[in-house]
Amino acid sequence: MKNKRYKISVLANAPLLYPTDSVYILMHCDADEIIEVPKAYPYSGEWGQCNSEYISFGDDNYPMPEVLDMIYLSIVERVFYELEIDLSTLELIKLWESQVGDACFSHIYIGMAPFGGVALWAHSTKKQILLNWAKGKEISIDMEDYLPMAPNLTLNEVCNHYITNDTLVAQNLKENGLPPRDLFDKYMRQYTYRYYPMFEKWNEDDEKWEKYDEEKDVVPQFEYIEEMLTDGTHDKLHDDGLLKYHEAGKPKKLAMKWWVKKSEYVAYFWFDDEVLCPIFEKFYGAHRDTKVDFRLRIDAQKKKYELTLFRQGLKEPQVLPEDAYQLLVFKSQFENYRSDNYNQECGAWIW
């Protein structure tokens, strides 16, 4: 097993508003082989998504990595962080040797967040899995070690250069300052739940949901649900795994498809984590392993949509407020409904 080699690309990422730079990012394999992640000047983008790929010159097959060793600069903080952790080699081998939908795992993503937070993901086209969420320690670095070609530059000069050349970063830092220390801890927090689509009829007069009469009514037929989460993971396998209880981060984006006779419906949800996070925290309390149904109640004909959280012991589910998410629905590829608060850019549903 140890002598076996795998096609592995390692990519790095940092949040769009909190860019980072690296002194080095190394993944140590056995037999003294190393996979090195190149600099991106700086790393920045959507959390969990990487754009610049590690390019090896020649052989890109390696023994499975065993150790992550890195030092990176959190630019908005002007602080260096160091992290060295052992990797779960057996878990990585299992993933690399498994078939996931029509795509195999081939990438390891490394995410660098403020205050030393480092995420590791295993990536395939159809599914991305969180491997680890760790915390680096703050350290001091000599500028000649960080920038040997320009050792006379100060750390403030380097960080100011990055910040002033990125309008979004500069504006956010000026208006909001540094993020809360636990912001990314909350993004990465795991909960136990399943998605539970519910096709019902909305009674407008009585303002209540009613079941379909399967002998008289045309009951919508569920096809699939896709997710992108705040912890940087995604699942587009369409294998009904999301309909089973599992540990996951909070939803960031959802796509759900169903049919009514020959009419195809696709609904896209975008969630506001500032609203959703405290709802999840209060609903779960200290017991994030509580099994919860994330219900999606739908009457497409009446254009009535309702999202709720439900757990055993409750008389009624907790309804998510409408400002917790935005919604866009297509019927047979034409727009059928959008929520009053919808403000996504054109094409935002393509992901």
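When restricted to residues that are over 22 Å from residue 266 (Cβ atoms) and either touching a Pro at 6+ places or on another chain (Cβ under 7 Å) or in contact (Cβ under 8 Å) with a residue 12 or more places away in the chain (or both), the stretch 196-208 contains 1. Set side by side, the residues 106, 124 differ, and just one is polar (S, T, N, Q), in contact with a strand residue (DSSP E or B) (Cβ under 8 Å, 6 or more places away or on another chain) and crowded, with 18+ Cβ neighbours inside 10 Å, which is 124. In the stretch 225-269, the residue that is nearest to the chain's Cα centre (by Cα) out of those that are closer than 19 Å to residue 15 by Cβ and among the small types (Gly, Ala, Ser) is 232. Among the residues of the stretch 3-47, those identified as free of Cβ contacts under 8 Å to residues at least 40 places away in the same chain, assigned to a loop (DSSP other than H, G, I, E, B) and surrounded by fewer than 19 Cβ atoms within 10 Å (Cβ to Cβ) are 30, 31, 32, 33, 38, 39, 41, 46.
Counting the residues of the stretch 190-217 that are loosely packed, with under 14 Cβ neighbours inside 10 Å and not in a strand (DSSP E or B) gives 10. Just one of the listed residues (216, 244) is at pLDDT 95 or above and on the phi < 0 side of the Ramachandran plot, and it is 244. Looking only at residues of the stretch 237-264 that are open to solvent by 50 Å² or more (accessible area, probe 1.4 Å) and assigned to a loop (DSSP other than H, G, I, E, B), we find that the one that is nearest to residue 16 (Cα to Cα) is 238. The set of residues from the stretch 320-351 being of a type in the set (S, T, N, Q) and not in a strand (DSSP E or B) comprises 332, 333, 339, 341, 343, 344.
Scanning the stretch 146-164 for residues that are more than 25 Å from residue 109 (Cα to Cα) and either surrounded by 11 or more Cβ atoms within 10 Å (Cβ to Cβ) or modelled with pLDDT of 95 or more (or both) yields 150, 151, 153, 154, 155, 156, 157, 158, 160, 161, 164. For the stretch 305-313, check the following and say yes or no: at least one residue is more than 26 Å from the chain's Cα centre (by Cα), open to solvent by 40 Å² or more (accessible area, probe 1.4 Å) and at pLDDT below 95. Within the stretch 305-313, one or more residues are more than 26 Å from the chain's Cα centre (by Cα), open to solvent by 40 Å² or more (accessible area, probe 1.4 Å) and at pLDDT below 95.
The residues on offer are 267, 324, and the sole one that is touching a helix residue (DSSP H, G or I) at 6+ places or on another chain (Cβ under 9 Å), surrounded by 16 or more Cβ atoms within 10 Å (Cβ to Cβ) and more than 24 Å from residue 124 (Cβ to Cβ) is 324. A search for C-beta distances below 8 Å between a residue of the stretch 316-339 that is without any contact (Cβ under 8 Å) to a residue 40 or more places away in the chain and over 21 Å from residue 264 (Cβ atoms) and any residue that is outside any strand (DSSP E or B) and of a type outside the set (D, E, K, R), counting only pairs 6+ apart in sequence or on different chains, returns 318/279; 318/283; 322/339; 322/341. Of the numbered criteria (1) in contact (Cβ under 8 Å) with a residue 40 or more places away in the chain; (2) under 17 Å from residue 27 (Cα atoms); (3) loosely packed, with under 14 Cβ neighbours inside 10 Å, the one residue 119 fails is (3).
Please identify the pairs in which a residue from the stretch 218-236 that is open to solvent by 30 Å² or more (accessible area, probe 1.4 Å) has its Cβ atom under 9 Å from the Cβ atom of a residue that is small (Gly, Ala, Ser), counting only partners at least 6 apart or on another chain. Partner pairs satisfying both residue conditions: 224/255; 236/101; 236/255.
Apart from one condition, residue 298 fits all of (1) in contact (Cβ under 8 Å) with a residue 60 or more places away in the chain; (2) surrounded by fewer than 20 Cβ atoms within 10 Å (Cβ to Cβ); the exception is (2). Answer with yes or no whether residue 156 is outside any loop (DSSP other than H, G, I, E, B) and more than 20 Å from residue 277 (Cα to Cα). The answer is yes for residue 156.
The values are calculated or read from the model by the stated rules, or taken from the named source; none is laboratory data. Everything numeric in this text was worked out from a predicted model, so none of it was measured. Cβ sites come from the backbone with ideal geometry, for glycine too, and all protein chains shown count toward neighbours. For the accessible areas, the whole protein counts, side chains as well, though only heavy atoms, and no ligand, DNA or RNA atoms are used. Shrake-Rupley method; radii C 1.70, N 1.55, O 1.52, S 1.80 Å.
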